[in-house]
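Structure first, then comments.
The values are calculated or read from the model by the stated rules, or taken from the named source; none is laboratory data. As the structure is a computational prediction, the values presented were derived from the model and not from experiment. Heads up, the Cβs are rebuilt from the backbone with ideal geometry, glycines too, and the neighbour counts pull from every protein chain shown. Ligands, DNA and RNA are excluded from the accessible area calculation, which covers all protein heavy atoms including side chains. Shrake-Rupley method; radii C 1.70, N 1.55, O 1.52, S 1.80 Å.
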Amino acid sequence: MSRLFVCCILLCLSTLTSAQDAASAVAQTSTTPVQVIYLTEGTTVVTYNVDPQTLNPTQVASLTVPHAVFNPDVNPWLIAAPNDHFIYYIGYESQNQQRLWVFATDATGAPQRPAVQEFNVTNFNGLQVDPKAHFVYAVFEGAPPRGSYNTPWYIRRYLIDPASGKINQPQVVATYSLNNGAEGTTLCGLSLLGFNSSGTSLYDEVQCSAEGANDATYNERTVNLTNGALGSDVEVYSWQNGDTGGYESVQFVADRLFDFVVPFDYAQGYDSVNIYPVVPSTSTPLLTCTADMLEACGYSVGLAHPSGKYVFMAIASDLTQIDKVELSQKKIVDSSNYVPYWVTQFSPDGTLVYGVQYENSGSQLMIYGFDVATSEVTPGGSIELPSTFDAFYTAEWQ
């Protein structure tokens with residue numbers, strides 16, 4: 001399998017897996033939650049619902065974000081509150097000025113006009129909503145001091161008004177000083193990866209690169225559930241690839257750390273999957289899977305299912321193998337079930353699997369049902385992706 005293909009997978013998945021995991025932790029307030037898909041197409045958000053019986057999608061709304069402009073260099077962001085009663089859209093008011101919009105949604109998850117809130121943000125680099133929808137945490141890049149090789153980065157906490165979804169009372173709750181690449185030094189950036197299931201811990205990643213070498217550090221901060229304050233950064237895990245071209249895809253899912261390791265670029269059979277407990281400086285895996293245990297572990301990277309009971313391994317550009325995690329036996333085993341597409345996301349509860357089919361005539365978002373108890377998949381409907389398609393996001397209206 002092409003390493004270029006693998007890299008594309010990781011870029012698409014990096015910000016989405018933890019948001020799904022956090023959303024899946026929210027207590028159900030309805031016996032029939034609505035499964036929602038949002039497509040962002042430039043400055044338009046298109047909303048679909050997926051029928052839980054037929055697995056067919058139905059478009060329920062299309063909203064063009066007021067005052068937003070299209071920036072061809074950067075895709076917009078969209079994050080749904082865990083109960084999907086509000087969505088947060090980050091786009092552009094001008095080619096250079098970012099802006100955040102807050103929209104309330106109806107019972108189909110469709111965003112409603114007018115926006116309940118909108119304001120400018122500068123050097124924004126992602127956000128996460130805590131599992132109880134009390135706080136929003138956003139990352140911002142500051143301006144480096146004159147002549148400095150380091151740039152300040154910040155995490156700001158906002159309080160969420162439960163009635164309107166508005167966010168207010170921003171407060172800097174964490175600061176970083178990261179190398180900015182000046183004069184050939186290492187260039188680093190900060191991103192948020194989500195929460196543990198109870199919302200008491202927030203995970204972040206500091207990733208750096210210099211002359212072809214890459215490294216990343218994954219940290220945990222405690223969350224004060226009363227006021228949203230963050231504790232000190234505690235390192236959980238780190239990796240570095242030297243100049244081998246390798247990398248690791250780290251995902252915090254079901255209160256464990258799933259680590260998909262690619263030690264050498266364009267070399268097959270050396271990959272592995274490690275599952276660690278989330279503890280400071282974790283080093284002893286609960287499970288390690290290589291090609292000797294399961295061929296897919298040595299030849300592909302994967303995506304952890306929200307339940308933590310499965311890994312979906314991309315064994316080809318058009319085939320995903322579903323493998324079961326047997327922690328008690330310290331094994332990952334082939335379930336004999338497959339999805340004939342590249343799987344990129346799950347519904348928050350893990351009952352739906354979304355794959356993408358790429359063709360010269362256009363792309364389609366393919367929908368499958370997934371039985372967590374048996375690992376069986378059921379083919380569903382599809383959504384034709386327009387040429388203006390930027391990304392898709394899943395949510396669950398409760």
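Values for this structure:
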| read-out | value |
| --- | --- |
| Share of carbon and sulfur in the accessible heavy-atom surface of the stretch 339-387 [1.4 Å probe, %] | 44 |
| Accessible-area composition of the stretch 97-249, carbon plus sulfur, in percent [1.4 Å probe] | 46 |
| Relative contact order (percent, whole number), the stretch 255-319, Cα cutoff 8 Å, 6+ residue spacing | 26 |
| Residue with peak Gaussian network fluctuation, the chain [Cα springs, cutoff 10 Å], from 72, 386, 52 | 72 |
| Count of lysine pairs in the chain with Cα separation under 29 Å (8 or more residues apart, or interchain) | 5 |
| Among 228, 189, 362, residue whose mean-square fluctuation peaks in a GNM of the chain (springs only between Cα atoms under 10 Å) | 362 |
| Packing rank of 243-255, 270-282, where each peptide gets the mean count of other beta carbons within 10 Å, highest leading | 243-255, 270-282 |
| Within a Gaussian network of the chain (alpha carbon springs, distance under 10 Å), most fluctuating of 114, 348, 340 | 114 |
| The stretch 207-254: relative contact order as a whole-number percent, Cα under 8 Å and 6+ apart | 36 |
| Heavy-atom accessible area per residue - the stretch 256-337, 1.4 Å, Å² | 42 |
| The stretch 367-381 and the stretch 138-157: distance between their alpha carbon centers, rounded to Å | 44 |
| Global geometry of the chain, whether rounded, prolate or oblate, following the gyration tensor of its Cα atoms and the 1.5 cut on a/c | rounded |
| Three-way shape call for the stretch 231-330 based on the alpha-carbon gyration tensor, with the a/c threshold at 1.5 | oblate |
| Sparse-neighbourhood loop sites, GluC sites (Glu not before Pro) in the stretch 303-398 - DSSP loop, at most 16 other Cβ within 10 angstrom | 376 |
| Loop sites in the stretch 248-353: trypsin sites (Lys or Arg not before Pro), DSSP, at most 14 other Cβ within 10 Å | 330 |
| For the stretch 36-102 and the stretch 177-209, distance of Cα centres in Å | 25 |
| Solvent-accessible area, 1.4 Å probe, carbon plus sulfur percent, for the stretch 264-307 | 52 |
| Calculated FRET efficiency for the pair residue 326/residue 268, C-beta based, R₀ 22 Å, to 0.05 | 0.35 |
| Accessible area of residue 32 in the full protein assembly, 1.4 Å probe (Å², nearest 10) | 100 |
| Cα shape, the stretch 212-259, gyration tensor, a/c 1.5 rule | prolate |
